[in-house]
Amino acid sequence: MTAEASLPDTARRQIDDDLLDVEMSHDEILVQDLPDDRFSNREMSWLDFNSRVLSLAEDPAQPLLERMKFLAIFASNLDEFYMVRVAGLKRRGAMGLAVRSADGRTPRETLALISTRTRELAARHARCLAEQILPGLAAHGVRIVSWVNLPEDERVRLHEYFASQVFPVLTPLAVDPAHPFPYISGLSLNLAVLVREVDGETERFARIKVPNNVARFVRVNSDSGDALYLPLEELIAQHLPSLFPGMVVIEHHLFRVTRNADLEVEEDRDEDLLQALERELIRRRFGPAVRLEIGTDIEENVLALLSSELDITPDDVFRIPGLLDTSSLHQIYDVDRPALKDAPFVPATHPRFAEGESPKSVFATLRDGDVLVQHPYESFATSVQRFVEQAAADPYVLAIKQTLYRTSGDSPIVDSLIDAAEAGKQVVVIVEIKARFDEHTNIKWARVLERAGCHVVYGVVGLKTHGKTCLVVRQEGGRIRRYAHIGTGNYNAKTARMYEDLGLFTADPKVCADLTDLFNVLTGYSKQTEYDEILVAPYGVRRGIIDRIDREIAHARAGRPARIRIKTNHLVDEQVIDALYRASGAGVPVDLLVRTFCTIRAGVPGLSENIRLRSILGRFLEHSRISYFENDGDPEYFIGSADLMHRNLDRRVEILAPISDPQGRAHIDMMFDLAMAPSTRAWDLTPAGWNRSPAEDAQDYQSVLGRQLISRAD
């Protein structure tokens, strides 16, 4: 019996899902002429992406506080990578599963690569902070200081601050025969403290959690007007005697643990999914440790204790010089130093949605034709948010149907849906409560919406509803007309200011009819899998894309115009990649814009010499997904929510919508032309690896795009 076969059904199904992320059957496609080494390692491709994020922090052309922000983003990214990707590899390795990834490596082999590469990146990150960012900020009066450098009057003030604001929330936890080793929560900062009695020799261990509900960096008063910050853990360390009265504090060390944060929810029609997920969220807090970060000065006996109690191997221990948990540097970014930041960005309103300073009716606008908007350059508030607000307030609107995958904690979209329900409209909301790391927020909104009278459902059993769409049904005279929004990003007003996304507003009867059918699938027992205009995963997105790639191949072989352009966050689906390799072999020019995970190999002679692949990172997170197919001069354009990954194409409800409006198509053409231009700053994937365009005077893609859209609004 294999290790997998001996597992309970729940665990075996989870493994089956994991394996979809590392292997696929190629029986349905032609692969005999493609080499076995045609895929790169998925996890290493992600580390390459985070290396590009780190490069932005190292770039002296960036304002100093923006560079520090990229250091914080790098750290947050790496946390999530360990919580999910590394945790999954460790789970498969622990179960003895030798399933190889697309590049031929076992989980254990991939983990070894990750360990080496991560240490290299962590060392770069620490050097950048210590040698570039902190000295640069200090020259502008922004400093992280140590207790020993504080004047006496400021120490007195901080003694009072500690006594009133910090001491009451601290809980020293001893470890002895009567006190077992305490639970260490994931991503928390902790002090490992060794103490002994005044007249004794026996050393005792205690743990103090650095509270996460108190500012990590304590603002220090300065007569010079400088912005000085003392790390909270250092303030606590200076007051350890008050936490252990009658004891001698021998030493203390800072450490941080990362835990497996993935969920394994058993979906059963006979059980309330909301209750099942809430149970799993509690269980996730106690996931196994996958990484231990420590300071470089930690004593070996303390490290041995931590490693033993946390069940951590030496490969999982990372010695970090300087600050631990640099994701918290976001707090210092908020300092009032506008000269050290990018200039504030003010989005424009799409000209079709305004008449001068006055907003126009979205419904009247869409009756004249489709509108394609691009955030954050064009305002989310005056387009998507206004669409839902006007629908909620319009007495002729009968129903609103919407998907919610991730939304903000203070959500104007949800407020409008509640207003619509309270006004007597039929409101149906598909809330995806399994959206990773947003489960608590979505559960809260689901209950708020239910109390307001909305019909709340959680999608289809076994699938995540990741598609972004809103359908409005309106009575107009003696007929019913439908209006829709389909986007590449979430209905989240906060991230819409930071994420680059596209959104299509349309009253096209065929598209709206397709969405009506899709909502019936999501809310009822409809088994429909075919749609006239839109592509829907898990039924038709992969097939639709590969069919169109094959069509481009046929055009190229017949001497007709052929071209493929794709923009996506992730490109790891082997079937799609193999189709792109075949297209390259047939002479089809393939332009790819990929932000993060990417396992295709570009520019390889005999394999992919017609594939150009670029990655663009900048002030805004490139998030839109676009597909373009030349089709012998009759091109097709699609935007949507699906990345080219197994989970998106096989285990999620995704929506790709056609763009038929000439202005929208021209805008997408302009985006691709600008992104792929030699004069645009980007990273290019070559057979030897990633290269950043070296031209110092290269144009910034996002700046140029923003100027063009704002000038259009003017």
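The values are calculated or read from the model by the stated rules, or taken from the named source; none is laboratory data. What you see is a predicted model; the values in this text were computed from it and never measured. Every residue, glycine as well, gets a Cβ built from its backbone with ideal geometry; the counts of neighbours run over all protein chains shown. Surface accessibility is based on the protein's heavy atoms, side chains included, excluding ligands, DNA and RNA. Shrake-Rupley method; radii C 1.70, N 1.55, O 1.52, S 1.80 Å.
For the range 553-611, list log₁₀ I(q)/I(0) at each q in 0.16, 0.19, 0.25 Å⁻¹, using the Debye formula over Cα point scatterers of equal strength and ignoring solvent, two decimals each. Calculated log10 I(q)/I(0) at the listed q: -0.46, -0.63, -1.03. For the range 487-532, the spherically averaged projection of the C-alpha convex hull amounts to 4.2 nm². Cross-link pairs exceeding 27 Å in C-alpha to C-alpha distance, out of Lys360/Lys494; Lys360/Lys434; Lys401/Lys434; Lys401/Lys494; Lys69/Lys434; Lys401/Lys510, comprise Lys360/Lys434; Lys69/Lys434. Across all Cα atoms of the range 132-257, the radius of gyration (one decimal) and Dmax (whole number) stand at 16.3, 52 Å. Model label points for Asp634 and Arg447, set 7 angstrom from Cα along the Cα-to-Cβ axis, are 5.4 nm apart. Based on protein heavy atoms only, the chain ends up with 42 Å² per residue of surface accessible to a 1.4 Å probe.
Can you tell me, using C-alpha contacts under 8 Å and at least 6 residues apart, the relative contact order of the range 412-475 as a whole percent? Kindly include the intermediate steps, with their values, before the conclusion.
Values: 60 pairs, mean separation 23.5, N = 64.
Here the relative contact order equals 37 percent.
For the residues Lys494, Lys401, Lys444, a 1.4 Å probe over the protein chains yields an accessible-area ranking, largest first, of Lys494, Lys444, Lys401. Amide H contacts under 5 Å for Thr686: Asn691, restricted to partners 5 or more places along the chain or on a different chain, H placed in the peptide plane at 1.01 Å from N.
Taken one residue at a time, the phi angles of the range 107-117 give Karplus couplings (6.51, -1.76, 1.60, θ = phi - 60°) of x, 5, 5, 5, 4, 5, 4, 4, 4, 5, 5 Hz. Gly and Pro are set to x. The stretch between Ile710 and Phe345 holds 130.3 nm of extra length on full extension. This uses 0.36 nm per residue minus the Cα-Cα distance.
Can you give the Kirkwood hydrodynamic radius for the range 573-714, in Å, rounded to one decimal and based on Cα pairs? Computed over Cα pairs of the range 573-714, the Kirkwood hydrodynamic radius comes out at 16.5 Å. Computed packing ranks the peptides 238-248, 700-710 as 700-710, 238-248, most packed first, by mean other Cβ atoms within 10 Å. Shape call for the range 649-714 from the C-alpha gyration tensor, a ≥ b ≥ c root eigenvalues: rounded (a/c under 1.5), prolate (a/b greater than b/c) or oblate? Oblate shape, in that a/c is at least 1.5 and b/c is the bigger or equal ratio.
When the P(r) is computed for the range 571-647, the part past 21 Å accounts for 29% of the Cα-Cα pairs. Which of rounded, prolate or oblate describes the range 339-408 when judged by the alpha-carbon gyration tensor and an a/c cut-off of 1.5? Judged from the Cα gyration tensor, the range 339-408 comes out oblate (a/c at least 1.5, b/c at or above a/b). Scalar couplings 3J(HN,Hα) for the range 355-366, obtained by applying the Karplus form with A = 6.51, B = -1.76, C = 1.60 to θ = phi - 60°, are 10, x, 8, 9, x, 9, 5, 4, 5, 5, 4, 6 Hz; x denotes Gly and Pro. Scanning residues 5 or more positions from Ser188 or on other chains, those with amide H under 5 Å from its amide H are Val257, with H placed 1.01 Å from N in the peptide plane.
Taking a ≥ b ≥ c as the square roots of the Cα gyration tensor eigenvalues, with a/c under 1.5 meaning rounded and otherwise prolate when a/b beats b/c, else oblate, which class fits the range 427-472? Oblate, because a/c is 1.5 or more while a/b does not exceed b/c.
Determine the alpha carbon to alpha carbon distance for each of Lys527/Lys567; Lys90/Lys464; Lys464/Lys527 and list only those over 19 Å. Pairs exceeding the cut-off: Lys527/Lys567; Lys90/Lys464.
For the range 666-714, averaging the sequence separation of C-alpha pairs within contact (under 8 Å, six or more residues apart) and dividing by the residue count gives a relative contact order of 30 percent. In this structure, the amide hydrogen of Leu398, modeled 1.01 Å from its nitrogen in the peptide plane, lies closer than 5 angstrom to those of Val473, Arg474, Gln475, counting only residues at least 5 positions away or on a different chain. As a calculated quantity, the FRET efficiency between Asp410 and Glu197 at R0 = 56 Å, using C-beta atoms, amounts to about 0.65. Volume of the convex hull of the range 513-585 (Cα atoms only), normalised per residue: 116 Å³. Rounded to the nearest 0.05, the FRET efficiency derived from the C-beta distance between Asp176 and Ala130 at R0 = 35 Å is 0.40. Between the Cα long axis of helix 662-676 and the first principal axis of the chain there is an angle of about 50°, rounded to the nearest 10. For the chain, the fraction of C-alpha pairs more than 45 angstrom apart is 27%. Short-range pairs are left out: with C-alpha atoms under 8 Å and at least six residues apart, the relative contact order of the chain is 11 percent.
Of the residues Leu303, Leu54, Phe162, the one whose Cα sits farthest towards the positive end of the charge dipole of the chain is Leu54 (charges of +1 on Lys and Arg Cβ, -1 on Asp and Glu Cβ, taken about the Cα centre). Measuring r between the beta carbons of Asp550 and Asp673 and using R0 = 22 Å, the FRET efficiency lands at 0.30.
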